[in-house]
Amino acid sequence: MLRIQSLSARIKEGPAILHGIDLEIKPGEIHAIMGPNGSGKSTLARILAGHPDYDVTGGNILYKVGDDWRSLLKLESHERAWLGLFLAFQYPVDVPGVSNTAFLHASYNAIRRFRKEPEMDIVEFRDLLIEKIALIGMEPAYLERAVNLDFSGGEKKRNEILQMAVLAPQLAVLDETDSGLDVDSLRIVAEAVKELHTRHNAVLLITHYQRMLNYITPDHVHIMMDGRLVRSGDADLARSVEDRGYDWLKVPA
Amino acid sequence: MKTRFVPLGDPYTALFAACNAESQPDWLAARRKGAVERLRRDGLPTRLVEAWKYTDISPLAERALVLPAGTSVRSAMPPNVPFWHEDDLNVVFVDGQFAPEWSNAVQSSEIQVVRLNNLATNPETAPSDMLASALLNAAFRRDGVLVRIPAHRQLERRIHFFLLHASETADAVLAPWLAVAAEDAAEARIAVTALSISKASCLHVPRVFVSAAAGAQLVVSQSQLMNDRSWQLGTTRIEQHRDSRVTHLEAAVGAALARHDLAAVLLESGAEVELNGLYVQREHRHVDFHTWIEHRQMNCRSHQVYKGIVDDHAAAVFNGVVRVHPGASGTDGYQLNRTLLMSREAQVFSKPELLIDNDDVKCSHGATIGQISAQELFYLQSRGIPEAQARHMLSRAFVEDVLFRQKDIRQRADLDALLDRCFPVGHD
């Protein structure tokens, strides 16, 4: 479903961050990318979503649409979402003046329009939201509040998962969704992600710690250091990192 | 422009005389006389006068204004007026004249509605406002209404004043006066809607006076939807007594030129006032908000948030004064003005002024002028919302944010509908 090929990228007008990333994700898989701070994990996540602050300097990102592979690099951020890509933000953005409901309604219907499906009216959509919000253990009152405004760190992260539940993406990229979560929130978020995962979709977890992986067992674990994937393995690799840290994986210069 | 004031043209003399010839109580005659003398002596301010630095009303001096004729237009009135609700207590003015036939509030036993001509004394006891806008109202005022809300009454129904501009004659001058006196511990919601039905130009100089007695609680909203040929120079004075609470929200989306001078005077301790404003200005419109909050006594609180969007060649002015008197210890004052600038040609002038004569105060202010946040834009786009729609949502949200502070559901729904007009729905 996703093929990242020799991807290199830098911050616009700034330093290079990624130096040739290769990664393939198939439907039904859960991948985890782990790495120390500053290794380029979040940059990769943002580039997948089309963040405007970065320039791709080499390689490609291919995404399967029907029987075709299309380059995500040619698509705007919203077009990537239409094709089923979702990024749970490391730092979810406050949007004063837009209610959670209005935000998700606009988003949901934009995707339906793209798929040439009829739009859902607000009454029906509210019912859908109330059903989905139970999954992440938040009160329906949050639906009428401005998006993420005055939400706690944990509530913001849960709100990302609510969006994921509503939009039902094919590929969900979770950028450090586990950081800043208390134990209960972590469990709820992890359970929700597991619940939403099927054999038709895929999840890419980006994380600094192994915490989330206590609840979700990835099929593949990749270690990123200095903008490169230096090692790949199964869930045992994550446990090794937990025990030994990252230093032993350093590639000699 | 060298002079600070420009003299009024000759046609004004006849207009003042015509207004003065109508029946009126003695106090109004006296107030009018003072206002006319002042206007004759000084004329109208130019931009050399600090208070009018960004808003030039001096061309009015040469404008051939007329008094609106007749009342025949009234048949075209409500209920086809936006934000008209049958179950509100409606008080309707048409072209500056009270229209009792549309005003169901007169039949209410819960409040008392007194027409200006039947008022023996002026409810505005403070020294007369000498601002040009207020002088013009006093000079041209031909009708008005006082609504009294009895002590301890909790009014279920909203009081809605409509200031309708219906005259098809160009350059009609309309000068309605409305006053609300909330007695001790009374609670009410009040809306004031200034609206052009006509497409002709006019000069609208409404005067609003609100007094909140001890413990009274008022939620007031004022909306300005004048047509794009008209000018509105409004003044509002709010006087608050001990432990009263007033929440005021104004929305300005119309008029070629609109200026509102809003004063809230916290006369006694424990009074709280909240002034919020939103504006959406496009084309060549010009809007100017001057707020004046006066902390006279101890432990009063004031909170102001004004947010707006300025696009095309439009201009917005915000000048907010918080005045803290020497005796006003424990003052808590907050002021914020934020404007979204949507075009290169649009202009914004934001000027906070804190005049503090007491050490024991907590006052803060802020002003920002900016563009749509790139972070917010990306967040929406990453959820499948195309850029144009995202920009539309975020610009509306920028002002909608002010409505999130509005606790009253009907007021909020009305203002939402107002924003629907400003931000027509479209996906791309």
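The values are calculated or read from the model by the stated rules, or taken from the named source; none is laboratory data. These numbers were taken from a predicted model, which means no experiment stands behind them. Cβ: placed from backbone, ideal geometry, glycine included. Neighbour counts: every protein chain shown. Side chains included, ligands, DNA and RNA excluded: accessible areas come from the protein's heavy atoms. Shrake-Rupley method; radii C 1.70, N 1.55, O 1.52, S 1.80 Å.
Can you tell me how many residues within the range A:108-121 are more than 12 Å from every other protein chain (Cβ to nearest Cβ) and open to solvent by 40 Å² or more (accessible area, probe 1.4 Å)?
4
I need the strands (runs of 3 or more DSSP E) fully contained in the range B:136-197, keeping only those with at least 1 residues that are among the hydroxyl-bearing types (Ser, Thr, Tyr) and open to solvent by 10 Å² or more (accessible area, probe 1.4 Å).
B:187-196
This table checks each residue for (1) within 30 Å of A:TRP248 (Cα to Cα); (2) modelled with pLDDT under 95; (3) β-branched (Val, Ile, Thr).
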{"position": "A:SER8", "(1), (2), (3)": "yes, no, no"}
{"position": "A:ILE25", "(1), (2), (3)": "yes, no, yes"}
{"position": "A:ILE30", "(1), (2), (3)": "yes, no, yes"}
{"position": "A:ASP55", "(1), (2), (3)": "no, no, no"}
{"position": "A:GLY58", "(1), (2), (3)": "yes, no, no"}
{"position": "A:GLY66", "(1), (2), (3)": "no, yes, no"}
{"position": "A:PHE103", "(1), (2), (3)": "no, no, no"}
Among the residues of the range B:370-398, write down those that are of a type in the set (Lys, Arg), assigned to a helix (DSSP H, G or I) and facing another protein chain (nearest Cβ under 10 Å). B:ARG396
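Of the residues that make up the range B:115-131, is at least one assigned to a loop (DSSP other than H, G, I, E, B) and open to solvent by less than 10 Å² (accessible area, probe 1.4 Å)? I'd like the intermediate steps shown before the answer.
Restricting attention to the range B:115-131, the residues satisfying the condition of being assigned to a loop (DSSP other than H, G, I, E, B) are B:119-131.
Those left that are additionally open to solvent by less than 10 Å² (accessible area, probe 1.4 Å): none.
Among the residues of the range B:115-131, not one is assigned to a loop (DSSP other than H, G, I, E, B) and open to solvent by less than 10 Å² (accessible area, probe 1.4 Å), which makes the answer no.
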Test set (1) within 11 Å of another protein chain (Cβ to nearest Cβ); (2) assigned to a helix (DSSP H, G or I); (3) at pLDDT 90 or above - B:ASP401 fails condition number: (3)
Looking at B:GLN381, B:GLN406, which is the one that is within 30 Å of B:HIS325 (Cα to Cα), in contact with a helix residue (DSSP H, G or I) (Cβ under 7 Å, 6 or more places away or on another chain) and surrounded by 14 or more Cβ atoms within 10 Å (Cβ to Cβ)? B:GLN406
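How many of the residues in the range A:88-107 are assigned to a helix (DSSP H, G or I), more than 9 Å from chain B (Cβ to nearest Cβ) and touching a strand residue (DSSP E or B) at 6+ places or on another chain (Cβ under 6 Å)?
At the first step, the residues of the range A:88-107 found to be assigned to a helix (DSSP H, G or I) are A:100-107.
When the remaining residues are screened for being more than 9 Å from chain B (Cβ to nearest Cβ), the result is A:100-101, A:105.
With the extra rule that they be touching a strand residue (DSSP E or B) at 6+ places or on another chain (Cβ under 6 Å), the set shrinks to A:100.
Summing the residues that are assigned to a helix (DSSP H, G or I), more than 9 Å from chain B (Cβ to nearest Cβ) and touching a strand residue (DSSP E or B) at 6+ places or on another chain (Cβ under 6 Å) in the range A:88-107 gives 1.
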Being out of contact with any Ser or Thr (no Cβ under 9 Å at 6 or more places or on another chain) and of a type in the set (Gly, Ala, Ser) is the filter here; which residues of the range B:186-210 pass it? B:ALA186, B:ALA188
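Of the residues B:ARG4, B:ARG47, only one is in contact with a Leu (Cβ under 7 Å, 6 or more places away or on another chain) and open to solvent by 80 Å² or more (accessible area, probe 1.4 Å); which?
Values: B:ARG47 fails: in contact with a Leu (Cβ under 7 Å, 6 or more places away or on another chain).
Being in contact with a Leu (Cβ under 7 Å, 6 or more places away or on another chain) and open to solvent by 80 Å² or more (accessible area, probe 1.4 Å) holds for just one of B:ARG4, B:ARG47, which is B:ARG4.
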If you go through B:ARG338, B:ARG412, the only one that is in a strand (DSSP E or B), open to solvent by 60 Å² or more (accessible area, probe 1.4 Å) and within 13 Å of chain A (Cβ to nearest Cβ) is B:ARG338
